[in-house]
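The values are calculated or read from the model by the stated rules, or taken from the named source; none is laboratory data. If you're wondering where the values come from, they're calculated on a predicted model, not measured in any experiment. Backbone-built Cβ (ideal geometry, glycine too); neighbour counts: all protein chains shown. When the accessible area is computed, the model is the full protein with side chains, heavy atoms only, and any ligands, DNA or RNA have been set aside. Shrake-Rupley method; radii C 1.70, N 1.55, O 1.52, S 1.80 Å.
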Amino acid sequence: MKSADYDLVIIGGGPAGLTAGLYAARARLNVILIEKLVLGGQILVTDWIENYPGFPNGLSGVDLVQKMTEQVKRFNLNIETNEVLSLDLSEQIKKIQLNDRTITAYTIIIATGASPKKLGVSGEDAFYGRGVSFCATCDGPFFKDRIVAAVGGGDTAVQESLFLTRFAKKVYLIHRRDQLRADKILQERAFNNNKIDFIWNSVVTGIKGSNEVEKLSIKNLKSGKISDIDIDGCFIWVGITPNTKFLGDAVKLDEFGFIVANSNMQTSVEGVFTAGDVRDTPLRQLTTAEGDASIAAYSAEHYINNIK
Amino acid sequence: MAEGIIEIDESSFDTEVLKAEKPVLVDFWAPWCGPCKAIGPVIEELAGVFGDKIKIAKCNIDNNPSIPSKYGIKAIPTLIFFKEGNVVDQITGLVGKSKLEETIKKIV
């Protein structure tokens with residue numbers, strides 16, 4: 001058999017990709033990790049992580065990424081900033097098309113994660129960076145003593161709304177249901193925070209302003225009534241969308257675009273594995289991403305040993 | 001501060017940025033911003049490659065609040081490209097090296 005450039009190509013440098021890289025490097029695989037932007041992924045914008053075992057006082061997303069990066073560098077993981085444009089998985093040696101060249105590998109771990117979902121309403125793109133934000137830790141301090149809206153009802157929406165109350169004088173938490181989906185401990189904190197006002201059973205239908213965000217149009221789903229509220233900023237945390245567009249139909253995806261995998265993290269294609277938020281999984285956390293990734297690296301190693 | 005990158009403040013902004021001979025890329029950042037820290041090394045790399053064609057500057061928005069407010073910045077990291085005192089391009093949020101290279105090549 002012809003030989004490939006690499007035993008393993010890991011696509012994505014968030015917690016899943018870095019964990020897979022750590023295990024693969026320690027297994028002495030000939031491995032490269034390709035990251036499109038900067039290492040860290042979504043956890044970079046997380047202000048404070050309280051449910052990561054081993055850190056009783058919590059730690060910031062940035063600190064965790066720095067520690068993980070230090071750890072993979074200690075084992076000489078090869079990391080390159082580049083973008084994967086497409087995969088050709090038709091043969092046992094897989095082809096990975098990058099921005100500037102094609103590389104080949106026996107195995108691939110897809111750990112491309114997910115991106116915040118947009119609302120898809122008018123004004124959302126136009127006011128991005130001018131009051132519309134997906135990142136409280138980046139933009140929260142700009143709203144000192146201002147009024148902001150936060151949209152969503154999950155862990156991220158509630159935790160980041162609590163963070164916003166450090167700066168804003170009022171946070172409207174707008175949720176389409178009549179109860180939150182977030183962890184109970186976060187819910188308790190939100191209900192006890194007098195800066196947070198809840199707007200239940202409502203969705204945002206438009207974001208308005210002249211040069212910056214000034215108003216939100218909100219529709220009450222029970223009454224059908226649309227009203228405007230005055231705000232200075234709008235933070236959007238309504239879930240995530242998987243980063244799988246570049247895959248086309250190379251591996252099987254579920255109806256939402258997440259990658260389908262078995263318990264060995266193998267996708268519909270032999271030798272191609274996945275891990276983390278991009279996978280069709282019931283829970284998306286650091287711990288689950290890392291669990292997926294260690295299994296994916298272990299499975300990749302076994303696959304390579306069998307074919308070589 | 002890495003080689004080839006200057007730190008600007010409210011007193012030096014006019015001379016270093018608006019009246020600069022070369023185009024200037026200003027990286028608006030703050031110590032509390034995670035993605036700003038993440039994009040830092042990318043900016044340093046660019047300073048190494050394009051340092052002779054474009055001036056690369058960092059502006060701490062906590063210490064110099066009047067500059068971001070003048071340019072309507074409400075999110076960081078924000079990168080603003082200046083040429084002859086005018087804003088010619090603006091990028092908000094985390095972007096990759098290739099997108100930044102593309103933008104710089106368009107301007108210089």
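Condition check ((1) modelled with pLDDT of 95 or more; (2) buried (at least 23 other Cβ atoms within 10 Å of the Cβ); (3) more than 30 Å from A:Val272 (Cβ to Cβ); (4) out of contact with any helix residue (DSSP H, G or I) (no Cβ under 6 Å at 6 or more places or on another chain)) across all residues:
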site: A:Arg101; (1), (2), (3), (4): yes, no, no, yes
site: A:Ile109; (1), (2), (3), (4): yes, yes, no, no
site: A:Leu119; (1), (2), (3), (4): yes, no, yes, yes
site: A:Asp139; (1), (2), (3), (4): no, yes, yes, yes
site: A:Ala150; (1), (2), (3), (4): yes, yes, yes, no
site: A:Ile174; (1), (2), (3), (4): yes, yes, yes, yes
Exercise. So A:Asp197 clears everything in (1) assigned to a loop (DSSP other than H, G, I, E, B); (2) over 24 Å from the mean Cα position of the chain (by Cα) except one condition, right? Which one?
Worked result: (1)
Exercise. Hey, among the residues in the range B:41-60 that are open to solvent by 10 Å² or more (accessible area, probe 1.4 Å) and under 19 Å from A:Pro141 (Cβ atoms), which one's nearest to the other protein chains (Cβ to nearest Cβ)?
Worked result: B:Asn60
Seminar exercise, completed: For the range A:20-37, pairs from a residue that is crowded, with 21+ Cβ neighbours inside 10 Å to a residue that is aromatic (Phe, Trp, Tyr), with Cβ under 6 Å and 6 or more apart or across chains, are A:Ala25/A:Phe75; A:Ile32/A:Tyr6
Exercise. For the range A:32-51, how many residues are farther than 15 Å from A:Ala111 by Cα and modelled with pLDDT of 95 or more?
Worked result: 0
Exercise. Of everything in the range A:55-74 that's surrounded by 15 or more Cβ atoms within 10 Å (Cβ to Cβ) and of a type in the set (A, V, I, L, M, F, W, C), which residue is farthest from the other protein chains (Cβ to nearest Cβ)?
Worked result: A:Val72
Seminar exercise, completed: Apart from one, (1) more than 21 Å from B:Lys105 (Cβ to Cβ); (2) modelled with pLDDT under 90; (3) in contact with a Leu (Cβ under 9 Å, 6 or more places away or on another chain) all hold for B:Phe28; the odd one out is (2)
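Name the residues in the range A:223-237 that are in a strand (DSSP E or B) and closer than 17 Å to A:Gly140 by Cα, would you?
Across the range A:223-237, the qualifying residues are A:Gly233, A:Cys234, A:Phe235, A:Ile236.
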For this session: Go through the range B:76-98 residue by residue and tally those that are within 9 Å of another protein chain (Cβ to nearest Cβ) and either over 12 Å from the mean Cα position of the chain (by Cα) or at positive phi (or both).
Result: 6
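Count, please, the residues in the range A:122-137 that happen to be of a type outside the set (Phe, Trp, Tyr) and buried (at least 18 other Cβ atoms within 10 Å of the Cβ).
Here the count works out to 9.
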Exercise. Does any residue in the range A:1-17 that is more than 22 Å from A:Thr287 (Cα to Cα) come within less than 7 Å, Cβ to Cβ, of a residue that is at pLDDT 95 or above and open to solvent by 20 Å² or more (accessible area, probe 1.4 Å) six or more places away or on a different chain, and which pairs are these?
Worked result: A:Lys2/A:Ile93; A:Ala4/A:Ile93; A:Ala4/A:Thr104; A:Asp5/A:Thr104; A:Tyr6/A:Asn30; A:Asp7/A:Leu29; A:Asp7/A:Asn30; A:Leu8/A:Leu29
For this session: Considering only residues that are open to solvent by less than 60 Å² (accessible area, probe 1.4 Å) and charged (D, E, K, R), look in the range A:198-240 and name the one that is nearest to A:Phe167 (Cα to Cα).
Result: A:Asp232
For this session: Among residues belonging to the range A:241-264 that are open to solvent by 30 Å² or more (accessible area, probe 1.4 Å) and in contact (Cβ under 8 Å) with a residue 40 or more places away in the chain, point out the one that is farthest from the chain's Cα centre (by Cα).
Result: A:Gly248
For this session: Could you grab me the full set of residues in the range A:81-99 that are at pLDDT 95 or above and either assigned to a strand (DSSP E or B) or open to solvent by less than 50 Å² (accessible area, probe 1.4 Å) (or both)?
Result: A:Val84, A:Leu85, A:Ser86, A:Leu87, A:Asp88, A:Leu89, A:Ile93, A:Lys94, A:Lys95, A:Ile96, A:Gln97, A:Leu98
Problem set entry | Where a residue in the range A:196-212 is within 14 Å of another protein chain (Cβ to nearest Cβ) and of a type in the set (Asp, Glu) and its partner, wherever it lies, is in a strand (DSSP E or B) and open to solvent by less than 40 Å² (accessible area, probe 1.4 Å), with Cβ under 9 Å and at least six apart | A:Glu212/A:Gly233
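To keep it simple, each residue is scored yes or no on (1) in contact (Cβ under 8 Å) with a residue 24 or more places away in the chain; (2) in a helix (DSSP H, G or I); (3) touching a Ser or Thr at 6+ places or on another chain (Cβ under 8 Å); (4) away from chain B (no Cβ under 14 Å).
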position	(1), (2), (3), (4)
A:Arg130	yes, no, no, no
A:Asp139	yes, yes, yes, no
A:Phe142	yes, yes, no, no
A:Ala168	yes, no, no, no
A:Leu173	yes, no, yes, yes
A:Arg189	yes, yes, no, yes
A:Lys215	no, no, no, yes
